[in-house]
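Enquirer: Shown below is the structure under consideration.
The values are calculated or read from the model by the stated rules, or taken from the named source; none is laboratory data. The shown structure was predicted, so the numbers you read here are calculated from the model rather than taken from an experiment. Here the Cβ positions follow ideal geometry from the backbone for every residue, glycine too, while neighbour counts run over all protein chains shown. Each accessible area value is taken on the protein alone, full model and side chains, heavy atoms only, with ligands, DNA and RNA left out. Shrake-Rupley method; radii C 1.70, N 1.55, O 1.52, S 1.80 Å.
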Amino acid sequence: MQGFIGYTFFGGYTRQKASDVNGDGLSDLPTINYQILHPKLFLYPGKHTTISVGFSHTHENRKGGDLYVLNGQPSLEHSYYERNTTRRNSWELMADHTLASTHLTLKALYSDFTRRIQEPSVNFQGRQQNFFTELAGFFPTKKSDWVAGINFSGNNFTKPPSDTLPIQEFQNTIYGLFGQFTYHFQKETLLEAGLRFDHHIQYGDFLLPRLAFFHRFNTSWATRWGLGWGYKTPNPLSPFNKEYSIDKILPLLGNVLPEHSLGANAEINWREYWASNKLFINLAF
């Protein structure tokens, strides 16, 4: 594959006309115009190196509400509408390099998302930028495997100074270090330990250890156990908030703190073969 170049391209367009299914004069299905473009380039500068670069653009304009408004006939009695315009541009980079038994990977992603919501009493326009970069290495030995890396990630939300909605601008920027050690006691037993350290520019430091164990008793029975710590920083635009109108989302209070979590899991697996058939049972907690 040395010296080769490849590419892919995907494009799409969706158009939908507003429809009033139950006949109440309001659209049940909105008018939609949606476009997507996604080219991607693959580079093979050497037999041990692979690089891919991609770009994605999406644009959607949807409008619903009173059918008189959607048909260009608004009046005092027929004035309600909802218009949602979104645009997202994303860039991605992935690089893999193998040197002897060492494997190095570089990942980078940047996304620029803008959204405008228009209703008779709401005119909101916001911009959210997300970014992620990670450099990691995989270092195997005869009885163990090591993974280590660094990453830089976060998001940034801004809106025009003239916007009067309660939601405020915010940003999350995180610098991280991580490592993982996997030891093979024998073919049937594996112990995995990991440690991650994140520094958040606003909420401070987070130390996140994790531990996992796997053992196969025989060809039929096996078990897996795991334990790990996690956290989540406050974000007023979390996915579960999207069911609320943007003008109802309040700014974060100064005393709101990150969530901390401790998770554990245990599994017992059983499988059996009969000729070309297999039965598999998994019991997980």
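Enquirer: When residues of the stretch 29-47 are filtered for being closer than 29 Å to Thr105 by Cβ and surrounded by 15 or more Cβ atoms within 10 Å (Cβ to Cβ), how many remain?
Expert: Selection size over the stretch 29-47: 8.
Enquirer: Taking into account only those residues within the stretch 153-168 that are of a type outside the set (A, V, I, L, M, F, W, C) and outside any loop (DSSP other than H, G, I, E, B), which is surrounded by the most Cβ atoms within 10 Å (Cβ to Cβ)?
Expert: Asn155
Enquirer: Next question, about the same structure. If we keep just the residues of the stretch 177-207 that are β-branched (Val, Ile, Thr) and in a strand (DSSP E or B), which is surrounded by the most Cβ atoms within 10 Å (Cβ to Cβ)?
Expert: Looking at the filtered set, the residue picked out is Thr182.
Enquirer: Now a separate question. Among what's in the stretch 87-104 and is among the polar types (S, T, N, Q) and free of Cβ contacts under 8 Å to residues at least 40 places away in the same chain, pick the residue that is most open to solvent (accessible area, probe 1.4 Å).
Expert: Residue satisfying both the conditions and the ranking: Ser101.
Enquirer: Which residues, taken from the stretch 15-28, are open to solvent by 70 Å² or more (accessible area, probe 1.4 Å) and under 24 Å from His57 (Cα atoms)?
Expert: Arg15, Lys17
Enquirer: Still on this structure: With the requirement that a residue be of a type in the set (A, V, I, L, M) and at negative phi, what does the stretch 241-279 give you?
Expert: Matches in the stretch 241-279: Ile246, Ile249, Leu250, Leu252, Leu253, Val256, Leu257, Leu262, Ala264, Ala266, Ile268, Leu279.
Enquirer: Just wondering, is there one or more residues in the stretch 89-99 that are among the hydroxyl-bearing types (Ser, Thr, Tyr) and not in a helix (DSSP H, G or I)?
Expert: yes
Enquirer: Separate question: Starting from the stretch 177-191, take each residue that is over 12 Å from Gly149 (Cα atoms) and list its partners that are open to solvent by 60 Å² or more (accessible area, probe 1.4 Å) and assigned to a loop (DSSP other than H, G, I, E, B), counting only C-beta distances under 9 angstrom and pairs at least six apart or across chains.
Expert: From residues that are over 12 Å from Gly149 (Cα atoms), the pairs are Tyr183/Lys143; His184/Lys142; His184/Lys143; Phe185/Lys143; Glu188/Phe217; Glu188/Asn218.
Enquirer: For the subset of the stretch 48-86 comprising residues that are part of a strand (DSSP E or B) and touching a helix residue (DSSP H, G or I) at 6+ places or on another chain (Cβ under 9 Å), which member is surrounded by the most Cβ atoms within 10 Å (Cβ to Cβ)?
Expert: Gly64
Enquirer: Let me ask something else. Going by what's in this entry, would Phe9 be described as among the aromatic types (Phe, Trp, Tyr), surrounded by fewer than 16 Cβ atoms within 10 Å (Cβ to Cβ), part of a strand (DSSP E or B) and at pLDDT 90 or above?
Expert: yes
Enquirer: Could you go through the stretch 169-176 and let me know if any residue there is of a type in the set (D, E, K, R), under 22 Å from the mean Cα position of the chain (by Cα) and surrounded by 15 or more Cβ atoms within 10 Å (Cβ to Cβ).
Expert: No: the stretch 169-176 contains no residue that is of a type in the set (D, E, K, R), under 22 Å from the mean Cα position of the chain (by Cα) and surrounded by 15 or more Cβ atoms within 10 Å (Cβ to Cβ).
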